[in-house]
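Please read the structure below before turning to the comments.
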Amino acid sequence: MLLVTGAYAPEISAAGVQCRAVAAALRGRVRFSVLTTAVDSALPVAATVDGVVVHRVVVDVRSRLSKAAAAVRFAVRVLEAGRSCDIIHVHGFSQKNIPAALLARLVGLRVVLTLHTAGQDEPQVVRRRGRLAYRTLQSADLVLCVSPYLSERCSDADFAARVRVTPNGVDTNRFRPADGDERLAIRRRFGWPESQPVVLFVGFFSRDKRPDLLFRAWCRVRAAGVGATLVFVGAKGSGYYEIDESIARRIREDAARLGLADDVLFTEPTNEIEQYFRAADIFVLPSVREAHPMALLEAMASGVPAVATRLPGATDVVIDDGRNGRLVPPDDEHGLADVLREMLTDKTGSWLMGARARETVMARYDIRQTAEQWLAAYQTVLADHR
């Protein structure tokens, strides 16, 4: 199987994280290789990650020449894959899908496509890119949707019969609650306060992720006399088109103006994100656009009580409000502040929600379940081909 992603370890993307975890879960049963784009030119063009061969096509997304050269290298790799692979499994819909689908057919590869991203991967959005893009989407042998939301968006399309809901999964051994000693040790290593609660955000600094909304809600909590440190983990600078560099800058400026700079901490993206979840008290996902957010599942698997924006078919299928987490309306700064204050002051109730959150992930979103669903999809496509 050739997995095609927009980023792969050590670079970080939700799809790349899923591919790496599934490849580990199916080791010895499926032989995977990876073809990925990369923005870090220092990374080797070929490497082995966890026993999986990874081919990288480095691209500067700001340069047309770089993107054209990357397209040629990408095509060559897909053609080479035809000699050793049965299926090309493409993650997300972007410019790479059209050449990937055409070349896969040329060399006799079957195509599985996973739709990951709300606002980008829906058929209605792809259709606006033109007839060729939409026909490429339709041509996949099987389409996997990570959430009911994306599946519902596919329901009006004429390839709906070839759609399966296949949720993201989490390695529940990697993402697990910490005991008291481990939690304290991690906090000391990070330089976090040992006694004051920590509210955690994980994600790009993009407008859709709404880190600035969380900051304003947290300021309201602090103004109400409830102490808490706010930690942001994620990319804040250029390199990915979603990022708005002004967001982090403005948060820093406002925190300094309010005398709260020491309690607002920023961390770059990390491949050890499980350590941050284990050390946090509350996780917040204030996004207005998600399909099946990995960070939310990772937090819940770690036993961290979570509050998220209510997004139909996405977060509301994971969180049962008041039982295993909390949901708030999109862009409701006051509502988010109220829920945060409640969760920070009701430690027993928050702890119970965190425990139930882990139970939810263990029962429904363990990576081993996702891996079996991917394997079943491959078997279906190969059986149909035969």
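Report yes if residue 349 is under 24 Å from residue 289 (Cβ atoms) and not hydrophobic (A, V, I, L, M, F, W, C), otherwise no. Taking the combined requirement at face value, the residue does not satisfy it.
Listed conditions (1) surrounded by 14 or more Cβ atoms within 10 Å (Cβ to Cβ); (2) under 30 Å from residue 172 (Cβ atoms) are all met by residue 48, apart from (1). Consider region 127-152 and keep the residues that are buried (at least 21 other Cβ atoms within 10 Å of the Cβ) and under 20 Å from the mean Cα position of the chain (by Cα). The one that is nearest to residue 312 (Cα to Cα) is 149. Listed by position, the strands (runs of 3 or more DSSP E) inside region 79-155 whose residues that are in contact (Cβ under 8 Å) with a residue 12 or more places away in the chain, of a type in the set (Lys, Arg) and not assigned by TED's automatic domain parsing to the domain that holds residue 57 number at least 2 form an empty set.
Selection over region 80-117 of residues that are among the basic types (Lys, Arg) and touching a helix residue (DSSP H, G or I) at 6+ places or on another chain (Cβ under 7 Å) gives a count of 2. Looking for something touching a His at 6+ places or on another chain (Cβ under 7 Å), part of a helix (DSSP H, G or I) and either on the phi < 0 side of the Ramachandran plot or assigned by TED's automatic domain parsing to the domain that holds residue 237 (or both) - is there at least one such residue anywhere in region 69-78? Checked region 69-78: at least one residue is touching a His at 6+ places or on another chain (Cβ under 7 Å), part of a helix (DSSP H, G or I) and either on the phi < 0 side of the Ramachandran plot or assigned by TED's automatic domain parsing to the domain that holds residue 237 (or both). Scanning region 269-292 turns up no residue that is outside the structural domain of residue 17 (by TED's automatic domain parsing), in contact (Cβ under 8 Å) with a residue 60 or more places away in the chain and on the phi > 0 side of the Ramachandran plot. Identify all residues within region 357-369 that are in contact (Cβ under 8 Å) with a residue 12 or more places away in the chain and either buried (at least 16 other Cβ atoms within 10 Å of the Cβ) or farther than 22 Å from residue 279 by Cα (or both); write none if there are none. Within region 357-369, 357, 358, 360, 361, 364, 365, 366, 367, 368, 369 meet the criteria. Only a single item in (1) at pLDDT below 95; (2) crowded, with 22+ Cβ neighbours inside 10 Å is not met by residue 72, and it is number (2). Taking region 1-40 as the range and being over 17 Å from the mean Cα position of the chain (by Cα) and more than 23 Å from residue 79 (Cα to Cα) as the test, the residues that pass are 24, 25, 26, 27, 28, 29, 40.
Taking the listed residues 231, 199, the one that is in a strand (DSSP E or B), over 17 Å from residue 337 (Cβ atoms) and touching a residue at least 12 places away in the same chain (Cβ under 8 Å) is 231, with no other qualifying.
Please state which one of 175, 159, 204 is touching a Ser or Thr at 6+ places or on another chain (Cβ under 9 Å), closer than 22 Å to residue 291 by Cβ and at pLDDT below 95. Result: 159 is the single residue among 175, 159, 204 that is touching a Ser or Thr at 6+ places or on another chain (Cβ under 9 Å), closer than 22 Å to residue 291 by Cβ and at pLDDT below 95. Taking the numbered list (1) free of Cβ contacts under 8 Å to residues at least 60 places away in the same chain; (2) in a loop (DSSP other than H, G, I, E, B) in turn, residue 9 passes all entries but (1).
The values are calculated or read from the model by the stated rules, or taken from the named source; none is laboratory data. Everything numeric here is computed off the predicted structure, so don't read it as measured data. When we count neighbours, we look across all protein chains shown, and the Cβ atoms used for this are built from the backbone with ideal geometry, even at glycine.
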